[in-house]
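Reading through the structure tokens given below for one structure.
The values are calculated or read from the model by the stated rules, or taken from the named source; none is laboratory data. Just so we're clear, the structure is a prediction, and the values are computed from it rather than from any experiment. Cβ placement follows ideal geometry from the backbone for every residue including glycine, while neighbour counts extend to all protein chains displayed.
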Amino acid sequence: MKAVTGIFSKIFGKVGPIFKSIGQVLQGIMLISIFAMNVLMGYIMFAPDDFPKPFYLSYAGQGGTTVIVAPSTANLPQPTAKAGSSAGPKATEVPPVPGNGKIVDTGSKIVNLADPGGRRYLRATVALEVMPPEEVLAAMNATPKAGEAAADPVLTTYTDELNKKMPIINDTITTALSSKTFESIYTTDGKDKLREEIKQQLNERLPELNVIAVYFTEFVVQ
């Protein structure tokens with residue numbers, strides 16, 4: 001028992017000074033921290049407000065209520081705009097609104113639905129609303145002056161390009177219609193999903209067409 005006690009005494013005799021040193025270091029750090037905090041609070045309270053501070057103290061009311069005020073960023077250096085960039089806020093692009101575009105009538109489509117047996121068919125008349133380029137919209141909204149031809153060259157060119165794309169447009173619409181079953185399109189929700197599908201597929205195949213809405217002017221299932 002004495003031997004064990006002697007061993008522990010030797011161990012603590014060597015480790016004890018180390019713990020004592022660590023305690024003294026921690027005590028010193030604590031004293032330095034307290035001193036630094038007091039210096040900082042004195043600087044915040046008594047230094048002029050035009051000096052940079054992490055926050056400011058103001059006193060309001062008769063009771064002397066202390067209010068902490070965040071530092072203003074007005075006097076801080078502001079990032080400079082790079083060359084070629086706009087100094088103002090970036091303008092957000094406004095999405096086209098249905099009703100402001102050009103209506104394209106694709107005619108009636110009669111297709112067999114994908115029901116077993118193929119006995120049901122759908123007759124639908126589909127109209128597309130597309131958003132032409134700005135110059136085409138301007139020509140659409142312009143009023144021809146007296147003595148000028150009513151047909152604008154910009155509109156004529158756009159219509160010709162649109163007519164060239166009609167085979168792709170009709171194929172996309174017919175394929176989408178014939179892939180549906182009666183159960184998937186007889187409800188209002190089903191028709192809405194079909195409109196969205198046609199719009200998405202047309203914009204994937206012809207992104208320059210910029211389809212913004214699809215309308216069914218006739219929709220009969222037999």
Worksheet item: How many residues does the stretch 197-222 hold that are part of a helix (DSSP H, G or I) and surrounded by 12 or more Cβ atoms within 10 Å (Cβ to Cβ)?
Response: 9
Discussion item. Residues that are modelled with pLDDT of 95 or more and more than 33 Å from the chain's Cα centre (by Cα): does the stretch 125-135 have at least one?
Written reply: yes
Practice prompt. Assess whether residue 148 counts as being modelled with pLDDT under 90 and either outside the structural domain of residue 202 (by TED's automatic domain parsing) or surrounded by 11 or more Cβ atoms within 10 Å (Cβ to Cβ) (or both).
Written response: no
Discussion item. Exactly one of these conditions fails for residue 198: (1) out of contact with any Gly (no Cβ under 9 Å at 6 or more places or on another chain); (2) at positive phi. Give me its number.
Written reply: (2)
Fill in: Which numbered condition residue 172 misses (of (1) surrounded by 15 or more Cβ atoms within 10 Å (Cβ to Cβ); (2) of a type in the set (Ser, Thr, Tyr); (3) out of contact with any helix residue (DSSP H, G or I) (no Cβ under 9 Å at 6 or more places or on another chain))
(3)
